[in-house]
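Notes for the one structure printed next.
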Amino acid sequence: MALPLTRRLYHLHLFGKHQLAALIATGVDFAVMIALVELAALPPPLATVIAAICGGVTNFTLARTWAFRSVHTGTLSGQAMRYAVVSFGGALLNGALVALVLAAAAVPYVLARIVVSAAVSVAYTFPMHTRIVFRTELP
């Protein structure tokens, strides 16, 4: 009985670290986007792309070195390639689900994006990072 509890606690701890890394990366994403639009006068779509890349690099770095501590369990290039593929899938999933929510309900797009992003992070990104990108073994 102690092993399943230990496994669940480890999984919960890992999940919390993953979500915190994602939250920090989202902060970087939004801060860079706002700075590029407001201070550098870049168009919002271009600023969004640049900011998303900065957020992605932040998330990958935090996930690899802190949340999953996978620096020595796989090559940087292999993990980065898997991360890029998973991130692309997540971007498509976010876009499709936001479109679906907006078509089904009259809600502000920002609210739709927040709700969809949280759901995708829990149901898609965390499992994919755990099993595919960082190949984490749970005790």
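The values are calculated or read from the model by the stated rules, or taken from the named source; none is laboratory data. Every value quoted in this text rests on a predicted model; they were computed, and no experiment measured them. Note that each Cβ is placed from the backbone with ideal geometry, even for glycine, and that neighbours are counted across all protein chains shown.
See the values below:
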item	result
Residue ID - farthest from the chain's Cα centre (by Cα), chosen from residues in the range 1-36 that are surrounded by 17 or more Cβ atoms within 10 Å (Cβ to Cβ) and among the aliphatic types (A, V, I, L, M)	L36
Qualifying residue in the range 45-53 (condition: in contact with a Leu (Cβ under 6 Å, 6 or more places away or on another chain), at pLDDT 90 or above, surrounded by 18 or more Cβ atoms within 10 Å (Cβ to Cβ) and of a type in the set (A, V, I, L, M, F, W, C))	no
Residue count for the range 1-36, restricted to those that are outside any helix (DSSP H, G or I) and either closer than 19 Å to T58 by Cβ or β-branched (V, I, T) (or both)	0
Some residue of the range 91-106 being within 25 Å of H11 (Cα to Cα) and of a type in the set (G, A, S)	yes
Any hit, the range 74-85, residues being modelled with pLDDT under 90 and surrounded by 13 or more Cβ atoms within 10 Å (Cβ to Cβ)	yes
Residues located in the range 86-130, provided they are surrounded by 15 or more Cβ atoms within 10 Å (Cβ to Cβ) and among the hydroxyl-bearing types (S, T, Y)	S87, S117, S121, Y124, T125, T130
Selection from the range 105-139 of residues that are among the hydroxyl-bearing types (S, T, Y), at pLDDT below 85 and in a helix (DSSP H, G or I)	Y109
Subset of the range 108-139 [among the aliphatic types (A, V, I, L, M), closer than 26 Å to R7 by Cα and out of contact with any helix residue (DSSP H, G or I) (no Cβ under 7 Å at 6 or more places or on another chain)]	A118, A119, V122, A123
Qualifying positions in the range 84-113 - aromatic (F, W, Y) and within 16 Å of P127 (Cα to Cα)	F88
Any chance A84 is closer than 23 Å to T136 by Cβ, assigned to a helix (DSSP H, G or I) and among the aliphatic types (A, V, I, L, M)	yes
Matching residues in the range 37-68 - criterion: being in a loop (DSSP other than H, G, I, E, B) and either more than 16 Å from the chain's Cα centre (by Cα) or farther than 22 Å from F15 by Cβ (or both)	L39, A40, A41, L42, P43
Every pair of residues 6+ apart whose Cβ atoms lie under 9 Å, when the first sits in the range 43-61 and is farther than 18 Å from G95 by Cβ and touching a residue at least 24 places away in the same chain (Cβ under 8 Å) while the second is exposed (fewer than 13 other Cβ atoms within 10 Å of the Cβ) and not acidic (D, E)	T58/G27
